[in-house]
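Visitor: Okay, handing you the structure first.
The values are calculated or read from the model by the stated rules, or taken from the named source; none is laboratory data. Quick caveat, the model's predicted, so the values are computed rather than measured. Every residue, glycine among them, receives a Cβ derived from its backbone with ideal geometry; neighbour counts consider all protein chains shown. To get the accessible areas, we keep the full protein, side chains included, count just its heavy atoms, and leave off ligands, DNA and RNA. Shrake-Rupley method; radii C 1.70, N 1.55, O 1.52, S 1.80 Å.
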Amino acid sequence: MDTMEKKYAWQREEMVRRQIAGRGISDPRLLKVMGVVPRHLFVSEALMDRSYGDFPLPIGEKQTISQPFIVSEMTQALALTGNERVLELGTGSGYQAAVLSRLVYRVYTIERIHTLYMKARKVFDRLHYFNIVPRFSDGTTGWPDEAPFDAILVTAGAPAVPVHLTDQLADGGRLVMPVGGADTQDLICITRVGETLIRENMGKCRFVPLIGEYGWKEESR
Ligand code: SAH
């Protein structure tokens, strides 16, 4: 490992200890993965030194990579055990998909901004994270050809849960997403039990908008 990599490995350990384990995240597989995935590779070179800080960072196109704690909180809420096929909406930098990919069988991730989609693909290839299947499209209709999914994670906020997403959720599966207004949302966890959807509110959060057919309309913002 070169000096830079050693420095980032140390920053990553600190991040897990203080921001993640220190705030009650306890899933041992998740803590291990947060200590392994090189978050600095998912931001621009100018921001690498700040990439393990306790905050979100800009990734271009007015989008952000979520704060490490939020990534781990949403991931833990999915209660993953290892064999799942997971759908993520809002690839962005690709960091959340990368974390998921180390915990499950396969991750399908959709991004609507082409430059971000291309950049994320490059990082997945560089890291040899070959169980991530990226797609460039509006994700608000889900990914019907690959449904049902054992878990669905949406990393952008919408006024309501798009119906196609709950339709594509497998029995026993969980969907986590921010739902609410343009500025603040509630983090919602939905569990499918047969035909019943059980909804739980995990608390306030703040995400960029989910824009598309079943999200916000671009021109209204
Ligand atoms: N998970 C990302 C967070 C990115 S921010 C990460 O780890 O970096 C949310 C992303 O959702 C943005 O990149 C935005 O372009 C994307 N997005 C918004 N609406 C979308 C839609 N309808 N389909 C797919 N992606 C969408």
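Visitor: From L103, L78, L31, grab the single residue that is away from the ligand (no atom under 13 Å from the Cβ) and touching a Cys at 6+ places or on another chain (Cβ under 9 Å).
Guide: It is L78.
Visitor: Also, I was wondering about something else. Which residue, of T109, T81, is polar (S, T, N, Q), within 19 Å of T166 (Cβ to Cβ) and in contact with a helix residue (DSSP H, G or I) (Cβ under 9 Å, 6 or more places away or on another chain)?
Guide: T109
Visitor: Follow-up question, since we're still on this one. Identify, please: which residue in the range 1-53 is within 20 Å of the chain's Cα centre (by Cα) and open to solvent by 70 Å² or more (accessible area, probe 1.4 Å) and is, among those, nearest to F69 (Cα to Cα)?
Guide: Ranking the candidates gives R23 first.
Visitor: Write out, first by first residue and then by second, each pair whose Cβ atoms fall under 7 Å of each other, whose residues are 6+ apart or on separate chains, and whose first residue, in the range 51-63, is within 24 Å of R17 (Cα to Cα) and at pLDDT 95 or above while the second is of a type in the set (G, A, S) and open to solvent by less than 40 Å² (accessible area, probe 1.4 Å).
Guide: Here the result reads P56/S66; L57/S51, each pair linking the range 51-63 to a residue that is of a type in the set (G, A, S) and open to solvent by less than 40 Å² (accessible area, probe 1.4 Å).
Visitor: Just checking, which of T155, T191, T91 is within 30 Å of G35 (Cα to Cα), of a type in the set (V, I, T) and touching a Pro at 6+ places or on another chain (Cβ under 7 Å)?
Guide: Answer to the selection: T91.
Visitor: Can you list the strands (runs of 3 or more DSSP E) found entirely within the range 109-221 that contain at least 3 residues being open to solvent by 40 Å² or more (accessible area, probe 1.4 Å) and within 15 Å of the ligand (Cβ to nearest atom)?
Guide: Hits in the range 109-221: 132-136.
Visitor: Suppose we keep only residues that are of a type in the set (D, E, K, R) and in a loop (DSSP other than H, G, I, E, B) within the range 36-78. Which one would you say is farthest from D167 (Cα to Cα)?
Guide: D54
Visitor: Oh, and also: So is T91 within 14 Å of the ligand (Cβ to nearest atom) and part of a helix (DSSP H, G or I) or not?
Guide: No, not satisfied.
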